[in-house]
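Right, one structure below, let's go through it.
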Amino acid sequence: MAKPAQRNDVRPARAVRHSFTLTDNETGESWEFPTLHGTMGPKVIDTRKLYSQAGVFTYDPGFASTASCSSAITYIDGDAGVLLHRGYAIDDLAKNTDYMDVCYLLLHGELPSPEEKSEFDININRHTMLHEQLVRFYSGFVRSAHPMAIMVGIVGALSAFYHDSTDITDPMQRMIAAHRLIAKMPTIGAYAYKYSLGQPFPYPNNNLSYSENVLRLMFSAPTDEYEVNPVLARAMNSILILHADHEQNASTSTVRLAGSSAANPFACVAAGIASLWGPAHGGANEAVLNMLHEIGTKDRVAKYIRKAQDPEDNFRLMGFGHRVYKNYDPRAEVLRKTCHEVLEELGIHDPTLDLAMELEEIALNDDYFKEKKLYPNVDFYSGIILRALGFPTNMFTVLFAIGRTVGWIAHWKEMMEAPESRIGRPRQLYVGSKKREFTSVANREHTDRKISWSWLWGGKKTAD
Ligand code: SDX
C-alpha cells in the first residue's frame, strides 16, 4: 500500500512573537516565558521551563486552562459552537461524507481521493473479523455484564493477539494497528450485544458499508435476510461521524497519556474505553435516557430543573453542559435533525422525545442554564436516536466508542509521530503530612477511632 504522505505536521508555530512575564510578588523575581501560536484558537504560554527556572508548578485540576499537546486533528471554538476536523466543519462532513472518509481524514489529514478511498475501504475490510480464540473470551463474562465492561476486556485482550507485530516505531505497523481497531470495534461491540441476548455471533459482511455493517451485525439473525434501511444507515453514519473525535477530551487524553509510555496501542484504547464509560463523559447518553425515564412526565420537568440548580443536590441534567462548548454543541444541532428523520421514517411517536423537547425548551429558557451557558450536548439526542434504532440503553456508549475509536487512534498516532512528545508525568500540590518520626505499634496511643472491618466478612459494621 502506498504510504500516504502525512500532510499535517504537528508542531506549534516556532515564531516567538510575544512572551509572558511572571512575577513572584513575594520575592519580586520575574521570569519571561515565550508564547506559542497555533493556526487558530488561543495562543499558549510555553511553561515547559517554569519549574526549572522559577521552582513553581501551575495548578489546573481538570486541565481547563492547560494545553497538553499540539494537534492538527480537531479544532473547537466553544464560544462560537465551532467544530472542525482537519479544517472541515462537522456539519459539512456529516451531510456530505461517509464515516470511512472521516476516518481517512483524521488519520491522514486530507479527504481521500477516489483511489485512496477504495484502497482504505479494502484495508479496513481486511480486519473486520475477530480471531476465533478472542471470540471465546466472551463466554467468560456473565450474560448480564455491561457491554462497556466487555469492550474494555476484549479490546485490552487484542494486545495479546498482536503484541509481537505491533512495532510502534514502524509507521506501517502503527497504521495496521489503527486499521485493526477501526475495523474490529463494530464486531466487538455487536458480539457484546448478541452475547447478552444469547444469540449467535454473525460474521461481518464486507459487501456492506461500515454503517450498514454496524446495523446488520447488531440486529441480523440467522433465520432471516437482514435488509438495511437506508434512512437508518444514514442516521448511523451521522452518529459515527459526529462521535469520531473531539480534541483532548477525557478519553482521548487517557489514550495519549497511556500511549506516552510507548504502551501497546490496543491496551491504550482499552484505557480510553474505560474513561469514555463514565456518565460525565460518553456514558452521558445512557444517563440521559435513564434521567428521562426517572422524570417520566412533562409535569415533573420543572422539579428536575430545580434539582439541577440546587447546590445541595448533586443531580445534574444529563446531556446538558460541556467543558468547552459555552454555546450550542454543533453536533447536537445535526443530531436533533437526524432524530426527527429517524422517528419519522420509523413512524415512531416517542413520548421520551416529547419529554426531551420539553426539557430542552424549559432549560434553554431558564436563567440558571443561560447564566451557566449550559446547552444540550451531543449526548442529549444520541440516546433518543439509538433507542429508536433499536439499541438497548446500555449499548449507547458502545456506539459512542465505535465512532470515537478513530479519534483515539489518530491522536495516538499523532503523538507517536510528534517530535515534542515525551512521557506524560504531571506534578501536584502536596497537602499531606510533613515528615514525621516512625512510631512502632507498641508505642502508638489508643485513639477513639472505632473502625471495625469485621463487617467486610459478614460481621456487624460498627460506626466509625
Ligand atoms: C461528552 O470533553 C468532551 O469533548 C466530551 C464530549 C466528547 O465528544 O468527547 O463532548 C462528550 O462527554 C459530553 C458531556 C456529556 N456529559 C453530560 O452531559 C453530563 C452532564 N454534564 C455535566 O456533568 C458537565 O456539564 C460536564 C461534565 C459535561 C462539564 O463539566 P465542567 O466543565 O467541569 O463544568 P462544571 O462542572 O465546572 O460546571 C460549571 C457549573 C457548575 O456550577 P457551579 O459549581 O459553578 O455553581 O455548571 C454547573 C455546575 O454545577 N453544571 C450543571 C451541569 N453541568 C454543569 N448544572 C446542572 N446540570 C448540568 N448538566
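Which pairs have Cβ atoms under 6 Å, sit 6 or more apart or on different chains, and link a residue in segment 43-66 that is touching a residue at least 60 places away in the same chain (Cβ under 8 Å) to one that is among the basic types (Lys, Arg)?
Taking only residues 6 or more apart or on different chains, the pairs are Phe57/Arg427.
Of Leu355, Leu359, which residue is open to solvent by less than 20 Å² (accessible area, probe 1.4 Å) and more than 15 Å from the ligand (Cβ to nearest atom)?
Leu355
When you check Arg404 against the structure, is it at pLDDT 90 or above and either hydrophobic (A, V, I, L, M, F, W, C) or in a helix (DSSP H, G or I) (or both), yes or no?
For Arg404, the condition - at pLDDT 90 or above and either hydrophobic (A, V, I, L, M, F, W, C) or in a helix (DSSP H, G or I) (or both) - is met.
Quickly run through segment 311-325 and pick out the residues that are more than 6 Å from the ligand (Cβ to nearest atom) and open to solvent by 60 Å² or more (accessible area, probe 1.4 Å).
Pro311, Glu312, Asn314 - these are the residues of segment 311-325 that are more than 6 Å from the ligand (Cβ to nearest atom) and open to solvent by 60 Å² or more (accessible area, probe 1.4 Å).
Tell me which residues, restricted to segment 54-98, are open to solvent by less than 60 Å² (accessible area, probe 1.4 Å), within 14 Å of the ligand (Cβ to nearest atom) and part of a loop (DSSP other than H, G, I, E, B).
Asp60, Gly62, Ser71, Ile73, Gly78, Gly81
Please state which one of Ala250, Ala287, Ala302 is hydrophobic (A, V, I, L, M, F, W, C) and either under 23 Å from Lys184 (Cβ atoms) or in contact with a His (Cβ under 9 Å, 6 or more places away or on another chain) (or both).
Within the list Ala250, Ala287, Ala302, the selection yields Ala250.
Go over the candidates Ser220, Ser211 one by one and state the one that is away from the ligand (no atom under 16 Å from the Cβ), over 22 Å from the mean Cα position of the chain (by Cα) and open to solvent by less than 20 Å² (accessible area, probe 1.4 Å).
Ser220
Please work out which one of (1) free of Cβ contacts under 8 Å to residues at least 24 places away in the same chain; (2) of a type in the set (Val, Ile, Thr); (3) closer than 30 Å to Ser196 by Cα is the condition Thr128 fails and give its number.
The single condition Thr128 does not satisfy is (1).
Give the residue, chosen from Asp121, Asp101, that is part of a helix (DSSP H, G or I), in contact with a Pro (Cβ under 9 Å, 6 or more places away or on another chain) and free of Cβ contacts under 8 Å to residues at least 60 places away in the same chain.
Asp101
Among (1) among the charged types (D, E, K, R); (2) within 18 Å of Phe266 (Cβ to Cβ); (3) in contact (Cβ under 8 Å) with a residue 24 or more places away in the chain, which single condition is Glu110 missing?
(2)
Taking Tyr375, is it in contact with a strand residue (DSSP E or B) (Cβ under 8 Å, 6 or more places away or on another chain), open to solvent by 10 Å² or more (accessible area, probe 1.4 Å), away from the ligand (no atom under 12 Å from the Cβ) and in contact (Cβ under 8 Å) with a residue 40 or more places away in the chain?
The answer is no for Tyr375.
Filter segment 242-284 for residues that are more than 8 Å from the ligand (Cβ to nearest atom), open to solvent by less than 30 Å² (accessible area, probe 1.4 Å), in a helix (DSSP H, G or I) and not small (Gly, Ala, Ser) and give the result.
Leu242, Val255, Arg256, Pro265, Phe266, Cys268, Val269, Ile273
Say whether the condition of being within 11 Å of the ligand (Cβ to nearest atom), among the β-branched types (Val, Ile, Thr), crowded, with 22+ Cβ neighbours inside 10 Å and in a helix (DSSP H, G or I) is met by at least one residue in segment 286-303.
Within segment 286-303 (the criterion being within 11 Å of the ligand (Cβ to nearest atom), among the β-branched types (Val, Ile, Thr), crowded, with 22+ Cβ neighbours inside 10 Å and in a helix (DSSP H, G or I)), the answer is yes, since at least one residue qualifies.
Pairs, please: C-beta under 7 Å, at least 6 apart or cross-chain, first residue outside any loop (DSSP other than H, G, I, E, B) and in segment 306-331, second within 6 Å of the ligand (Cβ to nearest atom)?
Within 7 Å, the pairs are Ala308/Arg316; Ala308/Leu317; Phe320/Leu374; Phe320/Asn377; Arg331/Val378.
The values are calculated or read from the model by the stated rules, or taken from the named source; none is laboratory data. Remember, it's a predicted structure, so these values are computed and weren't measured experimentally. Don't worry about glycine lacking a Cβ; one is built from the backbone with ideal geometry, like all the others, and counts go over all protein chains shown. We work out accessible area using only protein heavy atoms, side chains counted, and drop any ligands, DNA or RNA first. Shrake-Rupley method; radii C 1.70, N 1.55, O 1.52, S 1.80 Å.
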